[in-house]
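First comes the structure, then the notes that go with it.
Each value in this text was obtained by applying a stated rule to the coordinates, not by laboratory testing. This is a predicted model, so every value here is computed, not measured. Note: ideal-geometry Cβ built from the backbone for every residue, glycine included; neighbour counts use all protein chains shown.
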Amino acid sequence: MIATSEIRRSDRQLYLFNKLVDCVVALLQAKGKMNPFDKYRVVDFFQRIEFQRRGSPHAHILLWFDCDNREPVSEPNTIQLVTDLCAVSRDDLPGDQYNNQIHRHTFTCTKRGETCRFNIPYWPISETCVLLPMSKDDIRRSGFHLMAANLCEIIEEKHYDTLNEFYIDNGLTETKYLDKIRSTLRWPALMFKRDFTEIYTNTSNRWIGQTLGSNTDLQFILGEYSCAAYVVEYVNK
Ligand SMILES: [Zn+2]
């Protein structure tokens, strides 16, 4: 049984959280200097608020920008957009905000399988880029997929100071390493520049994180299918 005062408190929390999220989205739709994303203005959005088990509200928001680069996803304007809006490095995020961004595995990570369903740790990468999936006809694909799973375990268990150290220890070159990752992909995937201290760090936007004072996980959807899948998943939840 929940006491009336608790219901009122959770109602107030939800009301304030809803208001806060509405304000954030309204500012992202504003024109000119009011817009914290500057030239990357939001023209449409889809929003859904959910509750975690302990009752904390969190928002899933799909933002649609007015700056379609109309270029293949790996071209420079797309990379510029994501590097302008996203932060992964501790240097780009104030102390408390960075700590909010670190993923810690819980039971929910593995409730659908043996590995973290959020695909964390993230791959350490030397430069932000878009990786394209390896062709299904490529005979290396299944072997590389197994090697990628092994590399993921190594990344989780061992610490390396540099990517070069990691390559040498595992007989890799950058091309060989990226090919192993490509063998695991079904769609083009954005890879953020990360070192080994950032493989558990969710991508954040500095302004949103500071405004909401909470963990944020910013992802870029690079294709129509992924966009539809995201909306359907959260509409049906
Ligand atoms: Zn996890």
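At 7 Å along the Cα-to-beta-carbon direction for both Phe51 and Tyr225, put a label point, then send me their distance in nm to one decimal.
My value for the distance between the label points is 3.6 nm.
If I measure Cβ to Cβ between cysteines in the chain, which ones have no partner under 4.7 Å?
Isolated Cys, the chain: Cys23, Cys67, Cys86, Cys129, Cys152, Cys227.
Once Lys and Arg get +1 and Asp and Glu get -1 on their Cβ, which of Ile221, Leu27, Asn164 lies farthest toward the positive end of the dipole of the chain?
Going by the charge dipole, the pick is Leu27.
Quick one: what are the phi-derived ³J(HN,Hα) couplings along the stretch 129-134, Karplus 6.51/-1.76/1.60 with θ = phi - 60°, whole Hz, x for glycine and proline?
Ordered by residue, 3J(HN,Hα) equals 7, 9, 9, 9, x, 5 Hz.
What distance in nm separates the two pseudo spin-label positions at Ser142 and Asp22, each 7 Å out from Cα along the beta-carbon direction?
5.5 nm
Structure shown: which of Lys136/Lys158; Lys19/Lys39; Lys19/Lys193; Lys111/Lys180; Lys136/Lys176; Lys39/Lys136 lie over 29 Å apart, alpha-carbon to alpha-carbon? Before the final figure, lay out the partial values.
Working: Lys136/Lys158 31 Å; Lys19/Lys39 24 Å; Lys19/Lys193 34 Å; Lys111/Lys180 26 Å; Lys136/Lys176 17 Å; Lys39/Lys136 38 Å.
Listed pairs above 29 Å: Lys136/Lys158; Lys19/Lys193; Lys39/Lys136.
What do you get for the angle between helix 76-85 and the principal long axis of the chain? Use alpha-carbon atoms, 0 to 90 degrees, nearest ten.
Roughly 50 degrees, rounded to the nearest 10.
With a point put 7 Å past each Cα toward its Cβ, work out how far Thr108 is from Ala30 in nm, to one decimal.
Between Thr108 and Ala30, the simple spin-label model gives 3.1 nm.
Regarding the stretch 117-160, what's the average projected area of the Cα-atom convex hull, expressed in nm²? Write down the numbers at each step before the final one.
On the way: hull surface 16.4 nm².
One quarter of the hull surface, i.e. the mean projection, equals 4.1 nm².
Of Ala149, His58, Phe37, which is farthest along the charge dipole of the chain in the positive direction, counting Lys and Arg as +1 and Asp and Glu as -1 at C-beta?
Sorting the options by dipole projection puts first His58.
Among Tyr122, Gln97, Leu81, whose Cα projects farthest towards the positive end of the dipole of the stretch 64-136, with charges put on the beta-carbon of Lys, Arg (+1) and Asp, Glu (-1)?
So the residue furthest toward the plus end is Tyr122.
Over the Cα atoms of the stretch 97-205, Rg to Rh with Kirkwood Rh, two decimal places?
Result: Rg/Rh = 0.95.
How about the stretch 76-116: which trypsin sites (Lys or Arg not before Pro) there lie in a loop by DSSP and see at most 16 other Cβ atoms within 10 Å? Each step should come with its number before you reach the end.
On the way: sites: Arg90, Arg104, Lys111, Arg112; in loops: Arg104, Lys111, Arg112.
The qualifying sites are Arg104, Lys111, Arg112.
Just to verify a number: FRET efficiency for Glu165 and Glu75, C-beta to C-beta distance, R0 = 25 Å, to 0.05?
Values: r = 31 Å, r/R0 = 1.25.
About 0.20, to the nearest 0.05.
Nearest 500 deg cm²/dmol is fine: what mean residue ellipticity at 222 nm does the chain get from its DSSP H runs of n ≥ 4 alone, each adding -39,500 (n - 2.57), divided by its residue count? Can you show the working numbers first?
Details: 8 runs with 94 residues, N = 237.
It lands at -12000 deg cm²/dmol.
Please report, in debye to the nearest 20, how large the charge dipole of the chain is about its Cα centre when each Lys and Arg carries +1 at its beta carbon and each Asp and Glu carries -1 there. Write out the running numbers ahead of the final one.
Working: 29 positive and 31 negative charges, 186 e Å.
The calculated dipole for the chain is roughly 900 debye.
Using a 10 Å cut-off around each Cβ, can you sort Arg194, Arg186 from fewest to most neighbouring Cβ atoms?
Details: Arg194 21, Arg186 9.
With the fewest neighbours first, Arg194, Arg186 line up as Arg186, Arg194.
Before anything else, pin down the relative contact order of the chain: Cα pairs under 8 Å, at least 6 apart, normalised by residue count, whole percent. Provide the component values of the computation, followed by the final result.
Working: 263 pairs, mean separation 52.4, N = 237.
The normalised contact order for the chain reaches 22 percent.
Taking every alpha carbon pair in the chain, what does the distance histogram look like in 10 angstrom bins from 0, in percent?
6, 26, 36, 22, 9, 2, 0
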